[in-house]
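What follows is one structure encoded as structure tokens, with my remarks underneath.
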Amino acid sequence: MDTAEAQELYELAEAGRIAARTHQPDAEKPVETRYPDVLAALDWHLGRGEVDVGCRLATALVTFWLGTNRIPDGDAWFARLLAAPGVADVTRALALHEHGYLISWAGAHDRAAQRFRESLDLASSLGDVSLQALALAGLARVALYTDPSEAVRVLREGLELTRDLADDDPGRSSAIHVLGPALQMSGDLEGAREVIEARLAMAERQGIGFVVWSESANLSMVERQLGNLDRAHELSRRAVDTETARGHDVYLSWTLNGLAAVIAAEGRLDPGRDRARRRRGDAGTRWGRVAPDELEQYNETLVVLGALPPDELEQARAVGAAMTREQIVEYVLK
């Protein structure tokens, strides 16, 4: 390992992060191919006392660790890097947030909240309102599991701090993104629709595929709850089409979960067809990586499915479990 190779690997990781953000197919593949070298670079930076550079590399790898189900790897590396001296305050504040964000998807909510609070304290001392809003959005993500109204309050604080920044500023953008589900979960469906529609329109203008996918799925949930089932179905289909092109199983599971909820609300409870739509949602639940609004939606659909005779439901489960990813997608989009 030398400086030139380490820089090359950082650029590879950063390119992968951007590719995932813009929803490009196989965004994780380049890093996957050189993953042992990337880990060696992290170790090399740490051994040379270049902890600031190591933190920036780890931050660039967060989407990869999430997308390839390697959260424990990222958790361990952030813990080592953040325990070492030599990290610039701005880099450290961002790395603390990214560590919290990563482990929150593994269900480590208490640890994640601690990292978000550390990030917030440091960002506040720096007077960096964008980083403060980012950390507040992280705390709101945790609060969604227990107190959506508190999440809304925290997010409003972040938006007030960043009122003079553009909506695509990273901290402000994150706060707006979490505010939609927070309003939806707290019962303000019209408010949620307004926030999500604005963010979806912005993502469409800027060509940010990941945001188009996520906000289409979020808006589908809101429209379903408002009783606008045709619009909800259209948005869910769009999200499924988008995520199928990307080929990402974890995110596809959430998207199919949303489509299943719409179909259940429409009263179309053919067990085999519905179970096919639900199978990938179950995969996401088993991995412990379900957002709180998705979990709420998932549980609502389970209640509806409870109306099916148990033997029919079990048969449908078996049929769905035997299907490949490609078969599931083909079947649900018929």
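The values are calculated or read from the model by the stated rules, or taken from the named source; none is laboratory data. Values in this document were obtained by computation on a predicted structure and should not be read as measured data. Quick reminder, even Gly has a Cβ in these numbers, built from the backbone with ideal geometry, and neighbours come from all protein chains shown. With ligands, DNA and RNA removed, areas are computed over all heavy atoms of the protein, side chains included. Shrake-Rupley method; radii C 1.70, N 1.55, O 1.52, S 1.80 Å.
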Q | Which numbered condition A112 misses (of (1) open to solvent by 50 Å² or more (accessible area, probe 1.4 Å); (2) part of a helix (DSSP H, G or I)) | A | (1)
Q: Mind listing whichever residues of the range 1-21 are touching a residue at least 24 places away in the same chain (Cβ under 8 Å) and either open to solvent by less than 50 Å² (accessible area, probe 1.4 Å) or in a helix (DSSP H, G or I) (or both)?
A: E5, A6, L9, Y10, L12, A13, E14, G16, R17, A20, R21
Q: State all residues of the range 44-93 that are among the aliphatic types (A, V, I, L, M), under 17 Å from the mean Cα position of the chain (by Cα) and either open to solvent by 50 Å² or more (accessible area, probe 1.4 Å) or farther than 19 Å from S174 by Cα (or both); if no residue qualifies, say none.
A: I71
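Results for (1) assigned to a helix (DSSP H, G or I); (2) touching a helix residue (DSSP H, G or I) at 6+ places or on another chain (Cβ under 9 Å); (3) at pLDDT 70 or above; (4) surrounded by 17 or more Cβ atoms within 10 Å (Cβ to Cβ), shown as yes or no for each residue.
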site: D230; (1), (2), (3), (4): yes, yes, yes, no
site: H233; (1), (2), (3), (4): yes, yes, yes, yes
site: G258; (1), (2), (3), (4): yes, yes, yes, yes
site: A261; (1), (2), (3), (4): yes, yes, yes, yes
site: G284; (1), (2), (3), (4): yes, yes, no, yes
site: Q315; (1), (2), (3), (4): yes, yes, yes, no
